[in-house]
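The values are calculated or read from the model by the stated rules, or taken from the named source; none is laboratory data. A quick note: this is a predicted structure, and the numbers were derived from the prediction, not measured. Cβ sites come from the backbone with ideal geometry, for glycine too, and all protein chains shown count toward neighbours. All accessible areas refer to the heavy atoms of the entire protein, side chains included, with ligands and DNA or RNA removed. Shrake-Rupley method; radii C 1.70, N 1.55, O 1.52, S 1.80 Å.
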Amino acid sequence: MSSRFSSSTRMRPLAAAMVCGALLLGALSSAQAAVNPPIYMTHGVEYMSGGIGSDEAKLMETVSPRWPATFEFAIKDRKGADFAAGVHVTVRDGSGVALLDNVVSGGPFMVARLEPGTYEVEARIGSQVLKQQLHVLQGAPAKAVFEWPAGTDMASAGTRTVQ
């Protein structure tokens, strides 16, 4: 009976180490998946951009309702659309003042903390510019989707296929 007890006692530290290792690995995986892209500020407006890779895209889609303004960028093709990154974005207020001035998206999604009001949003890939008005209301997230036509100079923008 004593040999059985000592064998069991020797296995417990190994089992505990394996459980701790699995928990640590799980915690590190979760922490890595939950890291937000950096938040930047220009002209008093905070913004964040990302969505490269499925985990970051899910994160951006999850946080976007908490931001007053969301922008999404894509290039159409024969198969559907490719998300676009590297888009140059300018947001002007109702007086024409640029609040976000030619900032470059780090992925197909960009969110911004804009005050309630009407804005003109300009998104550019290469020499192709798309413009939209965006109406931000108090407590209601606003979204603008920019889709460039097939044949847009994709070398000017990073892209990934919409899944």
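Observations
- Looking only at the range 89-108, residues that are out of contact with any Phe, Trp or Tyr (no Cβ under 8 Å at 6 or more places or on another chain) and open to solvent by less than 50 Å² (accessible area, probe 1.4 Å) come to 4 in all.
- In the range 40-62, the residues that are under 19 Å from residue 86 (Cβ atoms), within 11 Å of the chain's Cα centre (by Cα) and among the β-branched types (Val, Ile, Thr): 52
- Residue match in the range 109-119 (condition: at pLDDT below 95 and either touching a strand residue (DSSP E or B) at 6+ places or on another chain (Cβ under 8 Å) or open to solvent by 10 Å² or more (accessible area, probe 1.4 Å) (or both)): no
- Pairs are defined by a Cβ separation below 6 Å, a sequence spacing of at least 6 or placement on different chains, a first member in the range 75-94 that is of a type in the set (Phe, Trp, Tyr), and a second member that is open to solvent by less than 50 Å² (accessible area, probe 1.4 Å); the pairs so defined are 83/74; 83/108.
- Conditions (1) part of a loop (DSSP other than H, G, I, E, B); (2) at pLDDT 95 or above: number failed by residue 150: (2)
- Residue in the range 32-53 that is of a type in the set (Asp, Glu), modelled with pLDDT of 95 or more and closer than 26 Å to residue 126 by Cβ present: no
- Filter result for residue 70 (of a type in the set (Val, Ile, Thr) and either modelled with pLDDT under 95 or open to solvent by 80 Å² or more (accessible area, probe 1.4 Å) (or both)): no
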